[in-house]
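Every read-out reported here was derived from the displayed coordinates using simple, explicitly stated rules and does not represent laboratory data. These numbers were taken from a predicted model, which means no experiment stands behind them. When we count neighbours, we look across all protein chains shown, and the Cβ atoms used for this are built from the backbone with ideal geometry, even at glycine.
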Amino acid sequence: MRLRRLICHLLFGAGKLAYPYVMISLTDAHCHLQDPAFAGEMNTIIDRAKNFGIRRFVVNGTCPEDWSKVEDLAKNHSEVLPQFGVHPWKVADLPVNWMEKLKGYLLRFPLAGLGEIGLDRKLTDAPISQQIEIFRQQVELACEYHRPCTFHIVKAWEEFWSVLKEQAPEKFLLHSFRGSAEQVKAFEGYEAYFSFGGAVLRHPNSKKMAAALQAVPEDRMLLETDAPYQHPQGLRVRQEPAGLLVIAEKSAEIRGERLETVLKNCEANAAQLFGAPPFTGLSESKF
Ligand SMILES: [Zn+2]
C-alpha cells in the first residue's frame, strides 16, 4: 500500500503522504473520459483509478459530437455513469435536431443527467444570450425528465439565478465550485451539491475557496478531477481520475475533517445526487 500511495503522489500531486490508504469505493463526480487525451487507454486509466478506490466515473458529454463516445464508454464500462449536455463553450453551430438527439440519449440511459451545461462569461466568446437560450432549454428538459444537472458557471451568476428562479431541477451539481461561502448559503432551499477539484491544490492559500469549502454542508459535498483538465499542480499534462484522493486529502485538511469521513460522505452524496446506489466495498458492483 505504501508503494501505491507514493506512486499516486508522484503522478498526481505531491501531498504530505499523510493519508492512510482508504479501503472505500469512490466516485469521480465529474470527468471527461471521452476526451481524445485518453484514446486507446481506457482500460489502463480505469484500472489505475480502481487501484486507488475510484470505481465510478461520472462522464460528462459536451456537445452532440461527443455524446456517442460517452454512450460507447457507458456501454463498455459498467463503472461509467454518463451525462449528456451542451457545454456553454459549444453552443455555436448546433445541429437543428440537437434537442431531439439529447432526449434520445436520456431515454436510452435512465440514470443519465444533463451535463455539462451552464453559462460562462469568461472563458468563451459565445454570446451570453445564445448560452442562456440553450441552457434554459436543457434545464427545462431536466425538470421534465426528472434528471439531475451538472452546472458549469463562470462569472455568470446573475444570469444563472435568473434561469434557476424560473425553473430549477430537482437536484443539481455546481461542478468545480469557485464561488464564495455566501454563494453556498444562497443555495439553501435547493437540493444543490458542490464539487471540488484540482483548484484546491492549485490555490492552497485562497481564503475564499477555503471558506466556501468549509461552508458546504457535509451532505452536499462531492469530489471531482475534471480529467483530463485541471491538473492539480497546474501542469500542462492530463489529469486522471486516479488523482482524486490527493484532492480529497487537501479538501479534508481545509475542512478540518478526517479523510475517511469526507470520503464516506462524498460517496453517499454522489449516490444521492445521481440516483445510483453507493458502493459498499471493493466488490464489483453495477448500478
Ligand atoms: Zn468538465
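Some points to look at:
- The residue among Val246, His152, Ser25 whose Cα reaches farthest toward the positive pole of the charge dipole of segment 2-274, with charges on the beta-carbon of Lys, Arg, Asp and Glu, is Val246.
- C-alpha long axis of helix 42-51 to longest principal axis of the chain, angle in °: 50
- Prolate/oblate/rounded label for segment 83-170 (Cα gyration tensor, a/c 1.5): oblate
- Under the simplified labelling scheme, the Asn43-Leu107 pair shows an inter-label distance of 3.5 nm, with each label point 7 Å from Cα along Cα→Cβ.
- The alpha-carbon atoms of the chain define a convex hull whose volume equals 121 cubic angstrom per residue.
- Cα centroid separation - segment 66-116 against segment 181-231, whole Å: 25
- Its Cα centre serving as origin, segment 2-274 has a Cβ charge dipole (Lys and Arg +1, Asp and Glu -1) of approximately 940 debye.
- Degrees, to the nearest 10: 157-166 long Cα axis against longest axis of the chain: 60
- Legend: calculated FRET efficiency, Glu100 to Arg238, from the Cβ-Cβ distance at R0 = 35 Å, rounded to 0.05, equals 0.60.
- Cross-link table Lys101/Lys122; Lys101/Lys171; Lys90/Lys122, entries beyond 18 Å C-alpha to C-alpha: Lys101/Lys122; Lys101/Lys171
- Compared with the alpha-carbon gap, the fully stretched path from Gln214 to Glu257 is longer by 14.5 nm at 0.36 nm per residue.
- The C-alpha atoms of the chain define a longest principal axis, and helix 2-12 lies at about 40 degrees to it.
- Residues whose amide H falls under 5 Å from that of Leu173, counting only those 5 or more places apart or on a different chain, are Cys149, Thr150, Phe151, Tyr193, with hydrogens built in the peptide plane.
- Formal net charge of residues neighbouring Arg258 (Cβ-Cβ distance under 12 Å; K, R +1; D, E -1): -3
- As a calculated quantity, the FRET efficiency between Lys185 and Glu158 at R0 = 22 Å, using C-beta atoms, amounts to about 0.80.
- Lysines whose Cα lies under 19 Å from that of Lys250, excluding same-chain neighbours fewer than 8 positions away: Lys16, Lys207, Lys208, Lys264
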